[in-house]
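The values are calculated or read from the model by the stated rules, or taken from the named source; none is laboratory data. Since the structure is predicted, the reported quantities are computational estimates derived from the model, not experimental observations. For the accessible areas, the whole protein counts, side chains as well, though only heavy atoms, and no ligand, DNA or RNA atoms are used. Shrake-Rupley method; radii C 1.70, N 1.55, O 1.52, S 1.80 Å.
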Amino acid sequence: KTTLLKAIAGRLPHSDGLQHKELANKPYITGKIKFNGLTVQDDPNLVLPSIVSYVGQYDVHAPYLTVEETFGFAFDCLAGGNHTNAGMGNSKEGAKEVAAMDKIRLTENLTIEGLDLAHVRGTFVGNDDVRGVSGGQRRRVTIGEVMVANNPVACADEISTGLDAAVTSDIIRSIVTFTRAAMTTRIVALLQPGPETFSQFDEVIVLAEGYVIFSGPIDDVVEYFSDLGYELPATMDVADFLQLLPTEDGAA
């Protein structure tokens, strides 16, 4: 899962730039990955981090920054600290709208509110050594840092690590709400998602030994594998069934 997400996000080196010894020691990509028909190799003006963002498995923050300061710094770095890309156009009215959004730090505040972090906005993010927000809240900060850029595509790698099912479901609900409102795409890898969490997604990708064995709408996945002879047991939810399929027990 991690390799797939990093490949989509442009976080893996291309084989063309590696020596033979390096190819044996790290993941890499060959060929081309196209984004709406464009590739990084063919279009030097394509700035991939502006299109696809990546949320890793670990929460790495400046512990003495507050939640609000963390989002502010992220917005300044990723979006230039302004809303000029908010689709307001170049008219005087559009410029006024952008100025108004900049004044109230609209994107940062909407993200903080949407991730249910408003009550801890003035609290240190913290880490293992510095007391700050809770683990679940810190995970929300990690996700929110990327969301403030409002990239068309974002990849999130096992963002449920260390969180219980209820917190995971709540975070996914926030991501889905933001994604649908902004009409963007979010690709999320989860560790053993519960049925409440799984049901919130529109599509699912199932991997087996590095190969994609299904990619499509969640509503179609059970029928697809049923047609291949793999029936969903009456006592098992769909998420558990899909995790079992690529294993030796699931293939039996």
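For segment 144-198, pairs of C-alpha atoms spaced more than 18 angstrom apart make up 28 percent of the total. 3J(HN,Hα) along segment 116-122, derived from phi through the Karplus expression 6.51 cos²θ - 1.76 cosθ + 1.60 where θ = phi - 60°, amounts to 6, 10, 4, 6, 10, 4, x Hz, with x in place of Gly and Pro. Phi angles of segment 130-139 translate, via the Karplus equation with coefficients 6.51, -1.76, 1.60 and θ = phi - 60°, into HN-Hα couplings of 10, 5, x, 6, 6, x, x, 5, 5, 5 Hz per residue; Gly and Pro are given as x. Between THR2 and TYR64, the contour length at 0.36 nm per residue exceeds the Cα-Cα span by 19.4 nm. Annotation: amide H-H contacts under 5 Å for ASN127 (H modelled 1.01 Å from N, sequence separation of 5 or more, or interchain): GLY132.
A 1.4 Å probe, protein heavy atoms only, puts the accessible area of ASP202 near 100 Å². Rounded to the nearest 10 degrees, the inclination of helix 67-79 to the longest alpha-carbon principal axis of the chain is 90 degrees. For segment 124-220, the Kirkwood radius over C-alpha pairs fed into Stokes-Einstein at 10 °C and 1.306 mPa s yields D = 109 µm² per second. Taking every alpha-carbon pair under 8 Å whose residues sit at least 6 apart, the chain reaches a relative contact order of 18 percent.
Against the chain, whose longest principal axis comes from its Cα atoms, helix 165-182 is set at around 60 degrees. The amide H of ALA156, built 1.01 Å from its N in the peptide plane, has VAL55, ILE187, VAL188, ALA189 as neighbours under 5 Å, considering only residues 5 or more places off or on other chains. Looking at segment 23-182, the accessible area is 56 square angstrom per residue; that uses a 1.4 Å probe and ignores ligands, DNA and RNA. What angle do you read, to the nearest 10 degrees and between 0 and 90, between the alpha-carbon axis of helix 218-227 and the longest principal axis of the chain? Computed tilt is about 10 degrees. In segment 73-232, the DSSP beta bridges split such that about 55 percent are antiparallel, to the nearest 5. The amide H of PHE214, built 1.01 Å from its N in the peptide plane, has VAL206 as neighbours under 5 Å, considering only residues 5 or more places off or on other chains.
When the accessible area of the chain is split by element with a 1.4 Å probe, what percent falls to carbon and sulfur? Accessible surface attributable to carbon and sulfur in the chain totals 53 percent. Taking all protein chains into account, the per residue accessible area for segment 202-251 stands at 67 Å² (1.4 Å probe).
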